[in-house]
Structure formats: C-alpha cells, structure tokens
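K.L.:
Here's a structure for you.
The values are calculated or read from the model by the stated rules, or taken from the named source; none is laboratory data. A quick note: this is a predicted structure, and the numbers were derived from the prediction, not measured. Counting neighbours? That spans all protein chains shown, and the Cβs are built from the backbone with ideal geometry, glycine included. Accessible surface areas use protein heavy atoms only, side chains included; no ligands, DNA or RNA. Shrake-Rupley method; radii C 1.70, N 1.55, O 1.52, S 1.80 Å.
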Amino acid sequence: MEHIPVLLNEAIEYLNIKPNGIYVDMTLGGGGHSSKILSILNSTGHLYSFDVDDESISFAKEKLDKYSNYTIVKSNFSNIKEELYNLGIEKVDGILYDLGVSSFDFDDKERGFSYNSDARLDMRMDKTLKRDAYYIVNNYPEQKLANIIYQYSDEKFSRQIAKRIIEERKQKPIETTFELVDIIKRSIPEKFLHSKGHPAKKTFQALRIEVNDELNNLEKSLESAVSLLNKGARIVVIDFEPLEDKIVQKVFKKYYREENIKGLPVSLGEPLLKRITKKPIIPSDEEIERNNRSHSAKMRVVEKN
C-alpha cells in the first residue's frame, strides 16, 4: 500500500528540528513524516508518534524499524499530555499534525469509510470505540442526525436525508454503506444528484467526524500541545477541511502575543505563541498532480515565545 505524506518537505522545514530535540508526530499514519523526522534526529533526540489504528502502526513500524530512538503511543492524540507525562516527558521541541484521513482507514473497504465500497457501516478509526456509524444511523433521533449532517458537512439536504433515514430504519436496520448511499441518493432532488462530487460524500464525512469525535479531540489536543512547548518550539498543523482549520485558528489565536488585552501582564501563566506563517502554506501544483488528496491541504505554523 502506497502512503504519500502531504507537504512533507515543507512540514519538516518549518518544524525547525534540532537533532537532539524531543518531537511528537501526532498522526503517525504510514510513518512518512515520522521517518523524515527520525532521519534528522541524532541518538540523543527522540520522537513520540501517536496513532489509534493497529494496521497503521504495524505498517509504520516496518518503515521506522532501522531507528531506535522513537516510541509509538497507541492512543488518541487528545491524550497527548497524559500519555507523555506517563512517559516522563513534560516539554517538547516540536509537534506535527497531519489531519488527513488515514489512507489505511479510507482504502480498507471493510472499515466502512467509503461510499464507493460496500461494507458494514463502521467508520471507527479506533476499533475499540463503542459507537460506530451503524449505531448513529440507526439510533440518533431525526433532528440530531440532521444537525450533524449539516454542521459537519454543510449538506443542504440534511433534513431530507435524516427524514429518509428514519423512515427506512423503521422497516429494518440500515446496515451497509451502499444501503446508506441509496437512501441519500433518494433524498436528494434529481437535478442535484449529478452535481460536483459524489452525492453521499458530505453525509459520510459528517458521520466520520461524529463517530470519531474529531473536532472536540482536535481542540483538546491543540490546547494540550501548546502547554507542552519549550521556548522556541513549534507546532505545525496540516489540515484539510474548513471545520478543522477554523478550530486550529481559534486555538492559536488565543495565544498570539498581539491578541493579549492591553494593560495586562505579558505572561498570564499560559504559553504565548507567534505566527510563523502569516498565511497558510498550500501544496504546489506538482504535489497536487502527484497526490490529488493533497489539494485541500493548508499548513499553519506557530512558535512559543
């Protein structure tokens, strides 16, 4: 399985790696970013890489096997502070996030992430989670379903889709991705069915976000990450969706020096950040051509003052 890390060279450049530093890759995935970081670290430096997916971890271990100065943490990245504290780490020199959907999850037809493959409704990145897409589709009340479909994907037919789901599940449980795709298609007016993109794309995105509590976990993780930075340490975030980017900007804005209220002390006990990238870094045309999944990527970088 090919894994192509997005904005690899840019992320490593802006992470500003010290060979003897302590770094965290919050999204191990296929190990592309982690292996590049490890190639720069010396024997006194160390990398901690987070992931919740066993397949990703197994694949990445093969790529990282030639290095000894790394630790894989099987945990959601929202637990960064607790997990690092348990390993005796209180401060780090850099943290990297690549928020793209894992290729291992998306390409595995059995995981139920894709509207192009028939599988049981699942969508859990962490297989130990109790709530999956099947549970949400078959148990959430109509208004709650409509709300998450609209809020997490801006699907303008969210109410019609939620209403149809409720009607269908009264007859029998909705069990597979293709069953859900069929329901979505029958909920959207014919003239909109062939608009840009697959008609089920937005609903599937919304369900994935809800299943994995992605936005709340991201906000919690970023808040913890800020508190773990050494002076001069950086956070590099590569995101792909407007909702993610909004959270990244919101959290970082709280800690920008220029955002502090005039007349208050410079330090209020919280780390203060400065923007390294005034505007987000985006992939080159060449990268997008090589890897179409990178087309919506934005990279933002901050540093602790």
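K.L.:
Quick one: count up the residues across segment 31-78 that are of a type in the set (A, V, I, L, M), closer than 15 Å to Ile89 by Cα and buried (at least 21 other Cβ atoms within 10 Å of the Cβ).
P.N.:
Let us first name the residues in segment 31-78 that are of a type in the set (A, V, I, L, M), namely 37-38, 40-41, 47, 52, 57, 60, 64, 72-73.
Right, trim to closer than 15 Å to Ile89 by Cα and you get 47, 72-73.
Cutting the leftovers down to buried (at least 21 other Cβ atoms within 10 Å of the Cβ) gives us 47, 73.
Residues flagged as of a type in the set (A, V, I, L, M), closer than 15 Å to Ile89 by Cα and buried (at least 21 other Cβ atoms within 10 Å of the Cβ) within segment 31-78 amount to 2.
K.L.:
Tell me the residue from Asp182, Asp154 that is on the phi > 0 side of the Ramachandran plot and among the charged types (D, E, K, R), please.
P.N.:
It is Asp154.
K.L.:
Moving on to the next point. For the structure I just gave you, tell me whether Tyr140 is at pLDDT 95 or above, of a type in the set (Phe, Trp, Tyr) and open to solvent by 40 Å² or more (accessible area, probe 1.4 Å).
P.N.:
No, not satisfied.
K.L.:
Working only within segment 238-257, note down all residues that are in a helix (DSSP H, G or I) and within 23 Å of Asn9 (Cβ to Cβ). Can you show your working first?
P.N.:
Going residue by residue through segment 238-257, those that are in a helix (DSSP H, G or I) are 242-255, 257.
Answer for segment 238-257, where residues must be in a helix (DSSP H, G or I) and within 23 Å of Asn9 (Cβ to Cβ): Glu244, Asp245, Val248, Phe252.
K.L.:
Counting only residues that are on the phi < 0 side of the Ramachandran plot and over 20 Å from the mean Cα position of the chain (by Cα), how many does segment 230-244 have? Explain how you work it out, then say what you get.
P.N.:
Narrowing segment 230-244 to residues on the phi < 0 side of the Ramachandran plot: 230-231, 233-244.
The next check asks that each one be over 20 Å from the mean Cα position of the chain (by Cα); those that pass are 230-231, 233.
Within segment 230-244, residues that are on the phi < 0 side of the Ramachandran plot and over 20 Å from the mean Cα position of the chain (by Cα) number 3.
K.L.:
Among the residues that make up segment 191-212, is at least one of them free of Cβ contacts under 8 Å to residues at least 24 places away in the same chain, over 27 Å from the mean Cα position of the chain (by Cα) and under 26 Å from Glu110 (Cβ atoms)?
P.N.:
No; the residues of segment 191-212 include none that is free of Cβ contacts under 8 Å to residues at least 24 places away in the same chain, over 27 Å from the mean Cα position of the chain (by Cα) and under 26 Å from Glu110 (Cβ atoms).
K.L.:
Here's another thing I want to ask about it. In segment 258-287, what residues are at pLDDT 90 or above and assigned to a loop (DSSP other than H, G, I, E, B)?
P.N.:
Start the filter on segment 258-287 by keeping residues that are at pLDDT 90 or above, which leaves 273-287.
Correct list: Ile276, Thr277, Lys278, Lys279, Pro280, Ile282, Pro283, Ser284.
K.L.:
Within segment 288-305, can you find the residues that are in a loop (DSSP other than H, G, I, E, B) and either more than 20 Å from the chain's Cα centre (by Cα) or not hydroxyl-bearing (Ser, Thr, Tyr) (or both)?
P.N.:
Asn291, His295, Ala297, Asn305 - these are the residues of segment 288-305 that are in a loop (DSSP other than H, G, I, E, B) and either more than 20 Å from the chain's Cα centre (by Cα) or not hydroxyl-bearing (Ser, Thr, Tyr) (or both).
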